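Colleague: Starting off with a structure, shown below.
Every read-out reported here was derived from the displayed coordinates using simple, explicitly stated rules and does not represent laboratory data. Just so you know, these numbers come straight off a predicted model, no measurement behind them. Cβ placement follows ideal geometry from the backbone for every residue including glycine, while neighbour counts extend to all protein chains displayed.
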Amino acid sequence: MRRALGCSPLLIFRWKETSVAADELAFFGKIAAGVTHELKNVLAIINESSGLMTDLMAMSKDASFPMRDRFTRSIGKIEQQVRRGVEITSNFNRFAHSMDHPVVEADLNAVVALTVALSERFARLKNIRLSAIAEPEPVILSTQPFRLQMALTRAAEAVMQCLDGPGAISLQVQKGGGKPSVLISCETESGTLPDLPSLIRASSHWAELESLLDMLGASVEVAESGGAGSYRIVFA
Amino acid sequence: MALNVLLVDDEEEFADAFSERLRLRGFTLHVANSGEKALRMIADGVAKVVILDLKMPGMDGIEVLRRIGKSHPGLQVMILSGHGSEKDEAIARNLGAFEYLRKPADIEAVLEALKRAENRLGRVE
């Protein structure tokens, strides 16, 4: 990289431009992380207030209270939504912190799980079930976490574009054969998608995915035969 | 005899509801809304167990924990924070916190931690 910077004013300009973008991302991440922390405080107050109502109801269980069941059900819904809110804010908090440092050591299992958690909603809107499958052991990579999440999201979105109805997409972390990889597989109601290789290259996300993977030192392998319904991102 | 617990948290509405829930379960609760006030109350000997938030205006929880470690090493401190990263947790545990819970915490987890604090105090005393 240093050698390239030394010989190309254009690359120096682009490097500076990228550095500013990294600073801006870190700033965005800092603000977003701060907001999620505050939201957790709000959720904690709601949680303790509804918990206190539950406690008081339990203490007066022998007293007459005609609305007791409805009241209890409502408290139950509040608690359920607090748990949901905590999960959403925790995921968003982790995502925000992924912008703290341009390059970190990260467990690919955790990155894939977080990416899937954050993208599930987009898939659900298309009646697609998105899931993450982890390797039993941590798969540690030196990587750009923000960019990696973006690439994995694009990889899943590229498949979503190929499905014209309900289906399921899984992102499976693998480490067989040495190099870590993520196998992206899809199933439709009628089975696998045999023409995935050609469809996926036509996706509007394909060029961006290849560019992101190039920056991550990764590549994409699409099996032309025998691997129908899946493709693989391989990390160097 | 009821266990004396000091809750250190600048979120007053959280502190009100949380401390009332623990009082209902038989604990004696004292509340400090800042790190500075907490250290004064600790110096007065109000509690043997401290539930400590990390991010507070003025003196933060890590600094409070550091000072407690020097002046009252026998106190049992548990962190209860919505702000904690894994790095914060490692620092807090290294400074002597015996438990690290994230807000909002399940009341059963808090009670379990308080029981452990009581057991640890029994061993220390």
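Colleague: Which number in (1) out of contact with any Pro (no Cβ under 6 Å at 6 or more places or on another chain); (2) surrounded by 13 or more Cβ atoms within 10 Å (Cβ to Cβ); (3) under 24 Å from B:F18 (Cα atoms); (4) not aromatic (F, W, Y) marks the one condition that A:N47 misses?
Modeller: (1)
Colleague: From the list B:R66, B:R23, which residue is surrounded by fewer than 21 Cβ atoms within 10 Å (Cβ to Cβ) and within 23 Å of A:I45 (Cβ to Cβ)? Can you show your working first?
Modeller: Details: B:R66 fails: within 23 Å of A:I45 (Cβ to Cβ).
Being surrounded by fewer than 21 Cβ atoms within 10 Å (Cβ to Cβ) and within 23 Å of A:I45 (Cβ to Cβ) holds for just one of B:R66, B:R23, which is B:R23.
Colleague: Go through segment B:9-55 and report how many residues are assigned to a helix (DSSP H, G or I) and of a type in the set (S, T, N, Q).
Modeller: Looking only at that region, the number is 1.
Colleague: When the residues of segment B:90-111 are narrowed to those that are away from chain A (no Cβ under 14 Å) and either under 14 Å from the mean Cα position of the chain (by Cα) or of a type in the set (F, W, Y) (or both), which ends up surrounded by the most Cβ atoms within 10 Å (Cβ to Cβ)?
Modeller: Narrowing segment B:90-111 to residues away from chain A (no Cβ under 14 Å): B:90-100.
Those left that are additionally either under 14 Å from the mean Cα position of the chain (by Cα) or of a type in the set (F, W, Y) (or both): B:92-93, B:95-100.
Working: B:A92: 24, B:R93: 14, B:L95: 19, B:G96: 14, B:A97: 22, B:F98: 16, B:E99: 20, B:Y100: 18.
Among them, the one singled out is B:A92.
Colleague: For B:R116, indicate whether it is within 14 Å of chain A (Cβ to nearest Cβ) and touching a residue at least 12 places away in the same chain (Cβ under 8 Å). Full working, then the answer.
Modeller: Details: within 14 Å of chain A (Cβ to nearest Cβ): no; touching a residue at least 12 places away in the same chain (Cβ under 8 Å): yes.
When the stated conditions are applied, B:R116 does not pass them.
Colleague: Any chance segment A:121-129 includes a residue that's of a type in the set (G, A, S) and surrounded by fewer than 20 Cβ atoms within 10 Å (Cβ to Cβ)?
Modeller: no
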